[in-house]
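Each reported figure results from applying straightforward, stated rules to the coordinates on display, with no laboratory input. Values in this document were obtained by computation on a predicted structure and should not be read as measured data. Quick reminder, even Gly has a Cβ in these numbers, built from the backbone with ideal geometry, and neighbours come from all protein chains shown.
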Amino acid sequence: MRTDEPHPIRLQDYRPPDWLIDTVELDVSLDATAAHVRASLLLRPNPKAAAPAPLVLDGDGLTLVALKLDGEPLATAQYVATPDRLSLAQPPQRPFRLEIETQVDPSANTQLMGLYRSGKTYCTQCEAEGFRRITYFPDRPDVMAIYTTRIEADITDAPVLLANGNLKESGTLPDGKRHFAVWHDPFPKPSYLFALVGGTLAFVEDHFRTMSGRDVTLRIYVEPGKEDRCGYAMDSLKRSMRWDEQAFGREYDLDMFMIVAVSDFNMGAMENKGLNIFNDKYILASPETATDTDYASIEAIVAHEYFHNWTGNRITCRDWFQLCLKEGLTVFRDQEFTSDERSRPVERIKDVRGLRAHQFVEDAGPLAHPVRPTLYHEINNFYTTTVYEKGAEVVRMLQVLLGPQQFRKGMDLYFTRHDDEAATIEQFVQCFADASGRDLSQFMLWYAQSGTPEIVATGSYDTRAKTYRLDLAQTLPPTPGQPTKEPMVIPLVAGLVGPDGRDVPLQRADGGPVERGLLTLDRPAASYVFTGIEQRPVPSINRGFSAPVRLTVNVGDEDLRFLANHDSDPFNRWQAVHTLAMRLLVDSTAAIRRSEPPRQDPALVAALDAVLNSRDLEPAFVAQVIALPSESDIAREIARDVDPDAVYAARQALRLAVKASLSKTLTTIYERLSSPEPYSPDADAAGRRALKNTCLDLITAAGEPSAIALAKRQYERADNMTDRMAALQALSLCDCAERTAALEDFYRRYAGDPLIVDKWLSLQAAIPEPATLERVKALTSHAAFSMANPNRVRALVGAFAMSNQTQSNRVDGRGYDFIVDTVLAIDPKNPQLAARLLSALKSWRVLEPKRRSLARAALKRVADTPSLSRDVGDIVQRALAEG
Ligand SMILES: [Zn+2]
């Protein structure tokens, strides 16, 4: 176990900064191994802090070259400089200028934090604490300053020089070999939003006219030769800019907006002011190289980073505990954008599937934490699905509770009241309280209490009184550090569906209003009695997934089939089929573990058939309905003593049953949707492909020769990556000669394109058969693989650890060993990447005893390794912690 245990950072210890910075002038001379950084900071004592205060600046692995105060070199007795800190015990208690020279080695920076090289491009990543790897600085988000950045570099090494803001000046130096560019950002920003880029880059350019008529130049920079794959990202950017004006009244504020795509990146993308830096995976797309899912991700992530300009950049976070202030809110905004651009019901289903698959699992395990944590050891480990996706759900609940108009008023107030500030969650929620006149103090528990609320709804119809009674009860299970909980405010949108399929008007016996079908449960339990109900209705609760809860309703299978056909809420139509399938799969898994045959449910198959044949449903929606719960969905539902092999067998049995019963329907739809029209990435066309390829997945479930031939034909004839990948995926699930041939062909076709090779790696890592582990191990030595590149590691080892339930959880424990070996190999070079990978083992406690003890032993082996990074040390300690 590591010994240099750092002190945890606590929310309650927050103090305003002792020193403020008005301006930062940076002069960066780029060099592959010795980049020179001169920072000139105009400091002044913070009137809100206790004076006189020493000056303590953060560093991380820095070497101080020179230090001046108001132009005079400082004597060594006047300061202490270590790699992690620069402190002046007695700085003048007045405004002064500090000039700091440091030197950094971009090529040796394998953490990909601070200034590093991706290929031959210089780039930066400063969130959360990377700026301190460039220069000494009060590296915290509540120190906001105006930045001017001068970059100098060899013209041939870095012909393009970019930084935040607007370009002020550029030119060639007298030697003719080096050149420079000066960028000025007029908006105050925290250091984590600083960015610079230097390299040989090509760009595509477009323009956007803002709502007030200003012209903004838009540029996307990529490796030369890839310009023709930026079109969809640029289109997404322009649509995002327009949408933010229309939906939130937010206008872009600089003359230029730039995106740079780089191939070595720890995250998806970064919203640096005016200069977003992206993982190239989320920029580059063409029909031949990107799937519909890739296109959708590009649209969502370009929008997300753009929306940060207001929610994150103009208004930033006071401290990192408030991370959800920018992330939850911005995820909510990008989800709304996608819903407006595509199909709202389908997007909601996809978002909820993702939330349950990742956030609910996190909430139920040892890494559970509140949307706003109160303590951390390593902030990099809190860029989690709880902060992002559950954080977005909390904002969505505010909208549900207040209604769209009041919600918009609250957002407008937030933008005017806190512009140019570093804000807190309290300040954010107060804007909605002030705009609506509502008391939202209990609502704040959503930010403070971890765990997923469990709601039990019990309905009963009184034939004689013609009333329907709905009893609701909530509990919130204990989570690490939170043994007991307070009742939450839970907005449940509900309806009662009459036998004719129409919603019955909701009239409460006590006269209480039911606006927008909203029942707000804010006590441990509550009862609602509705009057004037002529016939027994079926309750439809948590419509649109209005609250992120686990819901149990006493609705029988017959009623669920009724809702699947008739509910006016499309989300709950999908949910009804999903619940039916889940009930069956849980029963079947238990049966298989008792060596009994899996349960059959002809009625479920009939419900699927009805949806498949329904003419009023859009194909993307139908695809969501017939895409059965995944193995991890089933494991999550079972929640304890999980045997992944039994789960797999149960799901496979259902796939075979669906295939056997609906073969004709599936084939008819498959053929109807196999159109020769040219590829378009729009939502409708993507929805048709999604349905066609979900049919293909079921058609090939039994691996019959005719089905394999169908998949092979689709693979060979595909004119787009979506169809080719779907066919390859179908083939990959059967151990046949066609699979081997297709995998070899795929690599031959795309060997030169790392992003496509990633798909090839992921696909092989996810094959649910015992040979996969050796295959994955062999692929780690493949020429196309590199442990140094996060995208490759995530594609191969990440896919194995996260998407291959049976093989990562092998009963001999070798899956865990492999994951842990990889984590330990990566940790010294890229701790963030290693920690993310290790978190795949977080659900080890729900496994059956044999696997549980093997997983625990693997985690113990990590914990016992000397000199772990703080990132990995934190994850492993929390994963193993008792209680
Ligand atoms: Zn974000």
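Some notes on this structure:
- Within the straight-line cut-off of under 16 Å between alpha carbons, the aspartates and glutamates reachable from Lys664 are Asp609, Asp697, Glu704, sequence neighbours fewer than 8 places apart in one chain being disregarded.
- FRET efficiency, Thr531 to Ala606 (Cβ-Cβ, R0 35 Å, nearest 0.05): 0.50
- For Glu327, the shell of other residues with beta-carbons less than 13 Å away shows a net charge of -2, using +1 for Lys and Arg and -1 for Asp and Glu.
- In order through segment 529-539: 3J(HN,Hα) via Karplus (6.51 cos²θ - 1.76 cosθ + 1.60), integer Hz, x for Gly, Pro: 10, 10, 10, x, 9, 6, 9, 4, x, 10, x
- A helix-only calculation puts the chain at -12000 deg cm²/dmol for mean residue ellipticity at 222 nm, using -39500 (n - 2.57) for each DSSP H run of at least four residues, averaged over all residues.
- Theoretical gain in end-to-end length, Lys850 to Glu169 [0.36 nm per residue, Cα-Cα removed]: 238.6 nm
- Pairwise label distance in nanometres, Ser460 with Ser339, each label 7 Å out on the Cα-Cβ vector: 3.5 nm
- Members of Lys350/Lys850; Lys273/Lys759; Lys168/Lys189; Lys189/Lys829; Lys692/Lys712; Lys68/Lys168 lying beyond 23 Å, as alpha-carbon distances in this model show: Lys350/Lys850; Lys273/Lys759; Lys189/Lys829; Lys68/Lys168
- In range of the label at Thr23: residues from segment 158-202 whose backbone nitrogen is under 14 Å from the point 7 Å along Cα→Cβ: 183-188
- Subtracting the Cα-Cα distance of Lys777 and Glu227 from their residue separation scaled by 0.36 nm leaves 194.5 nm.
- Between Glu515 and Ser867, the contour length at 0.36 nm per residue exceeds the Cα-Cα span by 120.9 nm.
- In this simple spin-label model, placing a label point 7 Å from the Cα along the Cα-to-Cβ direction at both Gln507 and Glu769 gives a separation of 6.4 nm.
- Inter-label distance, nm, simple model (7 Å from Cα along the C-beta direction), Glu421/Asp206: 3.5 nm
- Zone of Leu42's modelled label, taken as backbone nitrogen in segment 120-145 under 12 Å from a point 7 Å along Cα→Cβ: 145
- Scalar couplings 3J(HN,Hα) for segment 277-282, obtained by applying the Karplus form with A = 6.51, B = -1.76, C = 1.60 to θ = phi - 60°, are 10, 10, 4, 4, 3, 9 Hz; x denotes Gly and Pro.
- In this calculation the C-beta distance from Glu486 to Thr110 is compared with R0 = 45 Å, giving a FRET efficiency of 0.50.
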